[in-house]
Amino acid sequence: MSFKRAILTIALITAASQASAQASMPDVEALLGNPKIVKALDDIKADDARTFEEQKRITEIPAPPYKEKVRAEYYRKRMQELDFTDAALDSEGNVIALRKGTGGGRPKLVVSAHLDTVFPEGTDVTVKEKDGAILAPGIGDDSRGLAALLSLIKSMNGNAIATVGDILFVGTVGEEELGNLRGVKALFRDHRDIDGFISIDGLGITRVVNQSTGSHRYEFVFKGPGGHSFQEFGLPSAIHAMGRAIAKISELQPPSDPKTTFTVGTVAGGTSVNAIAAEARMAVDMRSNSTEELLKLEARLLELVKEAVADENARWKSDKLTVEARLIGDRPAGSVSVDSPIVQATQRAVAAVTRTPRVTFAGSSTDSNIAMSLGIPAVTIGGGGEGGNWHSRNEWYKPTDAYYGPQNALLTILMLTGMDGVSKPALAVRPGK
């Protein structure tokens, strides 16, 4: 595909933008007219098969929650082989590699993919082929993002592309489940000069996440005296109290807009069938695209749990049953306007790569949550290809036009950081930073 021809499609996506945003519109035309960029994009396509093999290699390196080190060490080695001799693991376990620009360090853009998977230690991560698809836990989420990141780095370095802004390439830990975004939280704690953030997570490049879904997760532990089911009958039961709580929670009616959800994800408790349970526990997930609605849901749910304990105690005329609530996950909500240069850059890149303006915007919980909550421009974009059955052992992937992912990321990055002598950075330097 000729990327010079793609210039003609860019004008199609500007109609919805405000006049004030047009002045700072990312300059993709200048990039697509540059021979280095045309070659870099072609190189990514030529590298597609090798990138897919890299994706499979990464997948077969286990990276269960809080145990990402082996994969991180491999990823650091790959970064070093791509000329980042100073690539290192930070104190949280993130892989960090800085690519300096010509602008004295500003703007500074982070481009990341996450190292961890949702699967526990011991999960078989062997890559298998079935019905024309590749199956393996984590093959798409986020092995594809990690491989796409390496591919675009290889293309940038191989073509000696000099950016104006600095780029901090990061393989993050703790994105999934109870990792609670610990990697990216540490990143923003240790690097206060970040002006923009991109996460490569998911597959389709026409889906852009510009809204972060916030979540609060709780573990509730119900405790009572316990006893024999016959001889001590009449004592309150921890499991019965938990059941009452689940029944109350299930009747909640959160708003559909902004989308707000809840679920009791896991339950456990009791020691035997003929015992009044002395302890029971459940884990609850609450999510919303609105911080206000998330807090409303949280407050009501906590009230219902307390009511359930009171009901169980009242049923047996007791005060011996208690409940402890522990926050085990906190992901903030946030959003970035569609008129923001970082969102406009993704739109223009998609139009250039696919030659059609068909971007859809979405909300999700990704590493971008932290940046958005801090008011830092951020998006999450896809790594390319197609797949499904996320977070299951039957996760599948097909490398259909997979090279679109790193091509799209490359153009987005270059619009934001600027290319020395070719285009100016569209990403603004944050005031006071």
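Summary of values
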| quantity | calculated |
| --- | --- |
| So ILE239, is it surrounded by 19 or more Cβ atoms within 10 Å (Cβ to Cβ), in contact with a Leu (Cβ under 9 Å, 6 or more places away or on another chain) and either farther than 30 Å from THR380 by Cβ or not assigned by TED's automatic domain parsing to the domain that holds GLY382 (or both) | no |
| Selected residue (criterion: farthest from SER365 (Cα to Cα)) from residues of the stretch 250-277 that are touching a Phe, Trp or Tyr at 6+ places or on another chain (Cβ under 9 Å) and crowded, with 20+ Cβ neighbours inside 10 Å | ILE276 |
| Among the residues listed as ILE198, ILE194, the single one being under 25 Å from GLY432 (Cβ atoms), touching a Lys or Arg at 6+ places or on another chain (Cβ under 6 Å), touching a residue at least 40 places away in the same chain (Cβ under 8 Å) and in the same structural domain as VAL359 (by TED's automatic domain parsing) | ILE194 |
| Test: residue in the stretch 326-338 that is farther than 30 Å from PHE233 by Cβ, β-branched (Val, Ile, Thr) and part of a strand (DSSP E or B) | yes |
| Matching residues, the stretch 221-230, being crowded, with 24+ Cβ neighbours inside 10 Å and in a strand (DSSP E or B) | PHE222 |
| Output for the stretch 35-83, where each listed residue is surrounded by fewer than 20 Cβ atoms within 10 Å (Cβ to Cβ), part of a helix (DSSP H, G or I) and basic (Lys, Arg) | LYS36, LYS39, LYS45, ARG50, LYS56, ARG57, LYS69, ARG76, LYS77 |
| Residue in the stretch 407-414 that is without any contact (Cβ under 8 Å) to a residue 40 or more places away in the chain and either over 29 Å from ASP124 (Cβ atoms) or of a type in the set (Ser, Thr, Tyr) (or both) present | no |
| Residue in the stretch 353-367 that is farther than 24 Å from ALA46 by Cα, in a loop (DSSP other than H, G, I, E, B) and without any contact (Cβ under 8 Å) to a residue 24 or more places away in the chain present | no |
| Residue within the stretch 293-313 that is in contact (Cβ under 8 Å) with a residue 24 or more places away in the chain and part of a loop (DSSP other than H, G, I, E, B) present | no |
| Top-ranked residue in the stretch 181-191 [being assigned to a helix (DSSP H, G or I) and either outside the structural domain of THR400 (by TED's automatic domain parsing) or in contact (Cβ under 8 Å) with a residue 12 or more places away in the chain (or both); ranked as farthest from ALA402 (Cα to Cα)] | ASP190 |
| GLY171 vs. criteria more than 30 Å from LYS100 (Cα to Cα) and small (Gly, Ala, Ser) | no |
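Residues checked against (1) modelled with pLDDT of 95 or more; (2) crowded, with 21+ Cβ neighbours inside 10 Å; (3) not assigned by TED's automatic domain parsing to the domain that holds ARG78:
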site: ASN94; (1), (2), (3): yes, yes, no
site: ALA97; (1), (2), (3): yes, yes, no
site: GLY101; (1), (2), (3): yes, yes, no
site: ASP116; (1), (2), (3): yes, yes, no
site: LYS128; (1), (2), (3): yes, no, no
site: GLY132; (1), (2), (3): no, no, no
site: ILE153; (1), (2), (3): yes, yes, no
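The values are calculated or read from the model by the stated rules, or taken from the named source; none is laboratory data. Not measured: the values here are computed from a predicted model. Cβ atoms come from the backbone with ideal geometry, glycine included; neighbour counts cover every protein chain shown.
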